[in-house]
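The values are calculated or read from the model by the stated rules, or taken from the named source; none is laboratory data. Source: prediction; values computed, not measured. Positions of Cβ are generated from backbone atoms using ideal geometry, with glycine treated the same way; all protein chains shown enter the neighbour counts. When the accessible area is computed, the model is the full protein with side chains, heavy atoms only, and any ligands, DNA or RNA have been set aside. Shrake-Rupley method; radii C 1.70, N 1.55, O 1.52, S 1.80 Å.
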Amino acid sequence: MKKRVAILISGGGSNMAALIDSMDPDHPARPVLVVSNVPEAKGLLRAAERGVPAAVVDHRRFGRDRAAFETALADVLAEAGTDIICMAGFMRILGAGFVRRWQGRILNIHPSLLPKYRGLDTHARAIAARDTEAGCTVHEVTPDLDAGPILGQARVPVLPGDTPEALAARVLEMEHSLYPAVLRRFATGDTRPILWS
Ligand code: GAR
């Protein structure tokens with residue numbers, strides 16, 4: 001039976017689109033739901049264009065009550081019979097309770113060569129550090145931010161004169177190849193990392 005994949009987004013959803021487009025008939029998984037915490041997220045339109053059901057769980061409705069937001073999110077995911085959650089530009093930190101419930105079944109893509117540059121502003125930090133390489137990492141989500149087991153990593157050069165935006169675009173293009181490759185393997189139960197140089 002194919003694994004049922006839900007994709008969490010907050011914005012443009014280009015990784016989401018790459019994941020959905022990769023799930024062809026031979027794929028061990030299929031997309032069952034896209035969830036955005038931002039009602040205006042452009043990715044919602046891209047999900048609709050691809051015929052994938054989409055839901056909004058707006059974190060602002062819950063004020064500071066993160067547990068209530070996460071319960072609402074978990075309910076929507078459970079309702080869809082989710083086996084695997086792919087965070088794809090989902091800009092909320094999920095708490096330990098949520099993560100434990102789905103542990104080993106949540107993936108995230110992060111725009112740096114983890115363990116370097118957890119958190120935000122990864123490209124500016126790589127340029128400021130005069131790194132010659134940057135990249136992206138797909139990892140299992142654990143209660144520690146951007147610190148779960150690495151499932152895939154791909155590198156791109158940092159070029160002379162790079163701006164954070166130029167580097168981000170180069171990395172994002174690589175994300176669109178790496179994340180689908182990792183999901184295809186992960187959905188078969190294979191957690192050996194994919195390491196592209
Ligand atoms: C991607 O670069 C992703 O790696 C990053 O946000 C972008 C989302 O783009 N995620 C994070 O920074 C998570 N900490 P997308 O919405 O077009 O996929």
| request: Filter the stretch 70-106 down to the residues that are among the aliphatic types (A, V, I, L, M) and over 17 Å from the mean Cα position of the chain (by Cα), then identify the one that is nearest to P31 (Cα to Cα). | output: A80
| request: Kindly establish whether V56 is buried (at least 21 other Cβ atoms within 10 Å of the Cβ), away from the ligand (no atom under 11 Å from the Cβ) and either within 23 Å of A169 (Cβ to Cβ) or not basic (K, R) (or both). | output: no
| query | Can you find a residue in the stretch 83-106 that is within 22 Å of V35 (Cβ to Cβ), polar (S, T, N, Q) and at pLDDT 95 or above? | reply | no
| message | Quick check on this structure: which one of A41, A124, A47, A72 is open to solvent by less than 30 Å² (accessible area, probe 1.4 Å), assigned to a helix (DSSP H, G or I) and either closer than 17 Å to Y179 by Cα or within 14 Å of the ligand (Cβ to nearest atom) (or both)? | response | A47
| Within the stretch 25-38, considering residues that are out of contact with any strand residue (DSSP E or B) (no Cβ under 7 Å at 6 or more places or on another chain) and open to solvent by less than 60 Å² (accessible area, probe 1.4 Å), the one farthest from the ligand (Cβ to nearest atom) | H27
| Subset of the stretch 166-197 (residues that are within 16 Å of the ligand (Cβ to nearest atom), farther than 20 Å from M16 by Cα and either charged (D, E, K, R) or open to solvent by 60 Å² or more (accessible area, probe 1.4 Å) (or both)) | W196
| message | Among the residues that make up the stretch 15-36, is at least one of them part of a strand (DSSP E or B), of a type in the set (A, V, I, L, M, F, W, C) and within 24 Å of A96 (Cβ to Cβ)? | response | yes
| said: I need the full set of residues from the stretch 76-92 which are within 10 Å of the ligand (Cβ to nearest atom) and touching a Lys or Arg at 6+ places or on another chain (Cβ under 9 Å), in order please. | reply: R92
| request: Taking the residues in the stretch 99-121 that are touching a helix residue (DSSP H, G or I) at 6+ places or on another chain (Cβ under 6 Å) and open to solvent by 10 Å² or more (accessible area, probe 1.4 Å) as candidates, determine which candidate is farthest from the ligand (Cβ to nearest atom). | output: Y117
